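J.: What follows is a single structure, and I will ask about it in a moment.
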Amino acid sequence: MTTLRRPRSRIALAGLGIVAVLATQACGTAESESAPGDAERSHALTRALDDVVRKGFPGVQVVSDGPDGHRTVSAGVGDLATGAPFPENAQVRIGSNTKTFVATVLLQLAAEGTLDLDAPIERYLPGVVRGNGNDGNRVTVRQLMQHTSGLPDYVGAGNPEAMTAPNPVLVNALSDEARWRQYAPAELVRIAMSQPPQFEPGTRQVYTNTNYILLGQLVEQLTGRPAAEAVRTRILEPLGLRDTYTPAAGETVIRGPHPVGYQTIDGKRADFTDLNPAWASTAGDMVATGSDVNRFFTALLDGKLLPAAQLEQMRKTVPFDRMPGSGYGLGLIDQPVSCGKRVWGHGGSIPGYETRNGVASDGRAVTVIVNQLPDSAETDKVVAAVLDAALCE
């Protein structure tokens, strides 16, 4: 059953003009009153949202900002026990979108002359990348940022040999130990260094979380303060991203209104909202709203956070191993959509939540949130279809 609430207008922040807020309860999608000719474009998004719920996701939310203003559309539920919908400004764990925040800080440091992107990481973190064939003298900062370093992934994803590594606990991020334990970044790197490299540095592109744990350590080394503090003072505060934060040490709950995050474990759906994201650290521990994610990526691509030279470097891509047809820059993904627009963003996955996002060449910024991770190529495809439909409306 679908419950429709009329859009209500308010003055938006950051010059977005009138905001149309749409909410949905139970299953189905909400639709706003449309001008003639808009209906056909909106129907594609409605179908995509409904398909996500039909494929078994508890719920989905789309947050869109741009020349046409702000809009939030939800389908399904944010809480299966109560039937409550997604909160209108839902905070969720944004996973690997964290990487783009970290990359932005590093490019700011490069612009300030503090960092050489083509220097070996050994120059800045001596002795850290070492062991089992890993050598920090042969891996550059740029290769870490672009996932061409060849370093092993401490999570062990896609690496069967990691199952026999001396510290295999993080092979399964759903384990009780990984869920609640306070890991230090140095410990995560040591876990990675217990494995051999995946390939010769610079010869391939393979998405590897270890790269951004090291880059978080690099931010701390160069700024003399935690990476989270550098992100806050250099990005969050200047942009007024009040609903975005890095959880404090040992913090396991999401501070603001949020949907329940679900995870299928041993064939059963479990509430996985609360966890200690220390095992993700600067590779994926941040929390934000869809609106804040849109504002960050829009500001970044508009040149409000980086000089033109550094933004240009950020947008130089290599083929992305996880998304055929896409390119990976320095913490930024160039992804195709069906209507031919050029779209830049990132996206993130962490137990309980997945976010897909992008800013199109026409200025439209979209973030898609589901409160359960896709578990197959088919379910991954239906979430991607929502982002495509929203960007191409």
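Every number here is computed from the coordinates shown, using simple stated rules; none is lab data. None of these values were measured; they are calculated from a predicted model. Reconstructed Cβ throughout: ideal geometry from the backbone, glycine too, with neighbour counts over all protein chains shown.
J.: As an exercise, use a Förster radius of 41 Å and the Cβ-Cβ distance of R269 and S338 to find the FRET efficiency, rounded to the nearest 0.05.
T.: Working: r = 31 Å, r/R0 = 0.76.
Here the calculated transfer efficiency is 0.85.
J.: Using the scaling law 2.2 N^0.38 Å as the reference, what is the normalised Cα Rg of the chain?
T.: Details: Rg = 20.3 Å, N = 393, 2.2 N^0.38 = 21.3 Å.
Rg over 2.2 N^0.38 Å, computed on Cα atoms: 0.96.
J.: Let me ask something else about it. Once you keep just the Cα pairs under 8 angstrom separated by 6 or more residues, what percentage relative contact order results for the range 242-369? Each step should come with its number before you reach the end.
T.: On the way: 197 pairs, mean separation 26.9, N = 128.
In percent, rounded to a whole number, it is 21.
J.: Another question about this same structure. Starting from the Cα of K304, step 7 Å along the direction of its Cβ; do the same at A184; then give the gap between the two resulting points in nm.
T.: Placing both labels 7 Å along Cα→Cβ, they lie 3.8 nm apart.
J.: Further question on the same structure: Put one equal scatterer on each alpha carbon of the range 64-152, apply the Debye formula with no solvent term, and list log10 I(q)/I(0) at q = 0.24 1/Å to two decimals.
T.: -1.26
J.: Can I ask one more? Using DSSP to call loops (not H, G, I, E or B), can you name the GluC sites (Glu not before Pro) in the range 77-130 whose Cβ has at most 13 other Cβ atoms within 10 angstrom? Don't jump to the answer; show the numbers that get you there.
T.: Values: sites: E88, E112, E122; in loops: E88, E112.
Listed in order of number, the matching sites are E112.
J.: Kirkwood hydrodynamic radius of the range 239-393 from all distinct Cα pairs, in Å? Don't skip to the end; give the middle numbers.
T.: Numbers: mean 1/r = 0.0601 Å⁻¹.
It works out to 16.6 Å.
J.: I'd like the trypsin sites (Lys or Arg not before Pro) in the range 222-274 restricted to DSSP loop residues with at most 16 other Cβ atoms within 10 Å, sorted by number. Provide the component values of the computation, followed by the final result.
T.: On the way: sites: R232, R234, R242, R255, K268, R269; in loops: R242, R255.
Here the sparse-neighbourhood loop sites are R242, R255.
J.: In addition: What is the magnitude of the charge dipole of the chain about its Cα centre, with +1 placed on the Cβ of each Lys and Arg, -1 on the Cβ of each Asp and Glu, and no other charges, expressed in debye to the nearest 20?
T.: Values: 36 positive and 42 negative charges, 75 e Å.
Value, rounded to 20: 360 debye.
J.: Further, regarding this structure: Karplus couplings for the range 137-146 from phi (6.51 cos²θ - 1.76 cosθ + 1.60, θ = phi - 60°), rounded to Hz, Gly and Pro as x?
T.: For the range 137-146, the Karplus curve yields 6, 10, 10, 8, 4, 4, 5, 4, 5, 9 Hz.
J.: Any chance you could tell me what percent of the C-alpha pair distances in the range 303-375 go past 15 Å? Intermediate values should be presented prior to the final figure.
T.: Values: 1590 of 2628 pairs.
So the portion of pairs separated by more than 15 Å is 61 percent.
J.: Quick one: go through the range 240-284 and flag any residue whose amide nitrogen is under 11 Å from the point 7 Å out along the Cα-to-Cβ line of A84.
T.: 257-260
J.: With the contact rule set at Cα under 8 Å and sequence spacing of 6 or more, what percent relative contact order holds for the chain?
T.: Contact order relative to length: 21 percent.
J.: At each listed q (0.20 Å⁻¹), what is the log10 of I(q)/I(0) that the Debye formula gives for the range 260-303 modelled as equal alpha-carbon point scatterers?
T.: -0.83
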